[in-house]
1. Residue farthest toward the positive end of the dipole of the chain, with Cβ of Lys/Arg at +1 and Asp/Glu at -1: which of L77, F118, P327?
2. Going by amide H atoms built from the backbone, whose H comes under 5 Å of the H on L382, apart from near neighbours?
3. Can you flag which of K66/K103; K66/K149; K66/K330; K47/K73; K103/K142 are past 19 Å Cα-Cα?
4. Please compute the length gained on full extension between H181 and E215, using 0.36 nm multiplied by the number of residues separating them and subtracting their Cα-Cα distance.
5. Just round it to a whole percent: the fraction of Cα-Cα distances in the range 19-95 exceeding 20 Å.
6. Roll a 1.4 Å probe over the protein heavy atoms and report the accessible area of D134 in Å², nearest 10.
7. Restricting to Cα pairs below 8 Å that are 6+ residues apart, what does the relative contact order work out to for the chain? Please round to a whole percent.
8. Let me know the shape class of the range 1-56, please: from the alpha-carbon gyration tensor, a ≥ b ≥ c as square roots of the eigenvalues, rounded when a/c is under 1.5, otherwise prolate if a/b is greater than b/c, or oblate.
Amino acid sequence: MSGVNEIRSTFLDYFARNGHEVVPSAPLVPRNDPTLMFTNAGMVPFKNVFTGAEKRPYVRATSSQKCVRAGGKHNDLDNVGYTARHHTFFEMLGNFSFGDYFKENAIELAWNLVTKEFGLPENKLLVTVYSEDDEAHSLWRKIGLPDSKIIRIPTSDNFWMMGDTGPCGPCSEIFYDHGPHIPGGPPGSPDEDGDRFIEIWNLVFMQFDQVAPGERLNLPRPSIDTGMGLERISAVLQGTHDNYATDMMRALIMAVANLTGVDPDGPQGVSHRVIADHLRACSFLIADGVLPSNEGRGYVLRRIMRRAMRHGQLLGAREPLMWRLFPALKREMGEAFPELGRAEALITETLRLEEVRFRRTLERGLAILEDETRDLREGDRLSGETAFTLYDTYGFPLDLTQDALRARGVGVDTEAFDSAMQRQRELARANWSGSGEAATDRVWFGIRERVGATEFLGYDTEQAEGSV
Ligand code: ATP
Ligand code: MG
Ligand code: MG
Ligand code: MG
């Protein structure tokens, strides 16, 4: 059985043999792209190559791109620990054609890799196509798939757009059926969100240029962008439907179990999974230069760190935990990603300090949360005022509070939370005697709202489409 690290190499070697340039992963913070919080798909570093704004010395490329989906349009934070297939940090394997090969080759290359190189049984595979894409449908028929295994999807799920304008086109996704013992329906069915039929690979056929709303031209040289989750294909190849049961994630989960002494397969297993996932996201974000702060990217990192710490607390950890898990991560991923070794001191120190600082208010905040929710039943909501106090005084990001109540089916009154936040801002402005100079005051308020008592909510920032 191959480990995750070998599976990554198999993918890259296969495409290298087929004429693709192996391109190292770009950083998680996108270069020159203020519209995007984090790199969230393999195509992000190639955006300008697809539009033609940038030329590279190759027309085919392959990569295993570090991705984070924990903010903006693609936010899988709330899925982590609850689905078998979502992470906040994951690797997206991809092959790209910049005006070189198109649909037919892309489908052939993907099918050969999956069925021959990886040896997956054909009868477990099914695909989706965009309902209007008859060409893709007939190409899959030509490959040998029966009609019943080619599902036409009429929604935007199977039509990709880079933005309101620019390259766009239909997608075709490859799914693996993990079998009837796992709940979930096939793609396009009402219960498609289960983990039985798992999307492993998304092939995007960039064939149009959206020049204006409602106006689409054919691209003279159509392109290919694909994305396959390394953790998902690894799960399939290792005979499990669960990403968290792959050798790499399991090693991290066992590190959590060893440090806390809590059974990872018992009722508290969700916490092990969340911590293992968040350890990767936090460490890689720090390695790429993100530091915890109260706004923007830094606040997303802080939210992930604090969520992980609460789960550490649930497992009974009384000492900072995350930094002690880092060596396990370095063992698993340090060879493929040397930045982990280079940034080791910064990562461990940042993890440790943040945990030391937050621990003081975490315990007090959790006691308040406990008091305030003792009488709440499933379906009830915590008052927005309390959630705001936890946020403002105890440093609880809203999603941490929501995550803490989720297991009991208790929600949070987020409208009241938002108004409490708004009131606090207005109050701060009203109390400000000021310098009398409007421009200076604005600057000061900008700063106070960013780094002051309130922790600015960076996670509503809208992201442009970056995904495949
Ligand atoms: P899903 O529908 O399962 O959420 P997606 O359609 O959002 O996946 P894409 O944007 O098409 O995913 O990304 C391409 C591939 O990256 C997916 O087919 C999947 O293998 C992988 N992937 C996407 N999101 C995640 C995630 N949060 N964790 C792990 N792998 C992911
Ligand atoms: Mg998704
Ligand atoms: Mg999908
Ligand atoms: Mg997809």
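1. P327
2. When sequence neighbours closer than 5 places are left aside, the close amide H contacts are G411, V412, D413.
3. Violating the 19 Å Cα-Cα cut-off are K66/K103; K66/K149.
4. 7.6 nm is the gain from fully extending H181 to E215.
5. Percent of Cα pairs beyond 20 Å in the range 19-95: 36.
6. 90 Å²
7. Value for the chain: 16 percent.
8. Cα axes put the range 1-56 in the oblate bin.
The values are calculated or read from the model by the stated rules, or taken from the named source; none is laboratory data. Since we're looking at a predicted model, the values are computed, not measured. Backbone-built Cβ (ideal geometry, glycine too); neighbour counts: all protein chains shown. Quick note on the areas: whole protein, heavy atoms, side chains included, nothing else; ligands and nucleic acids left out. Shrake-Rupley method; radii C 1.70, N 1.55, O 1.52, S 1.80 Å.
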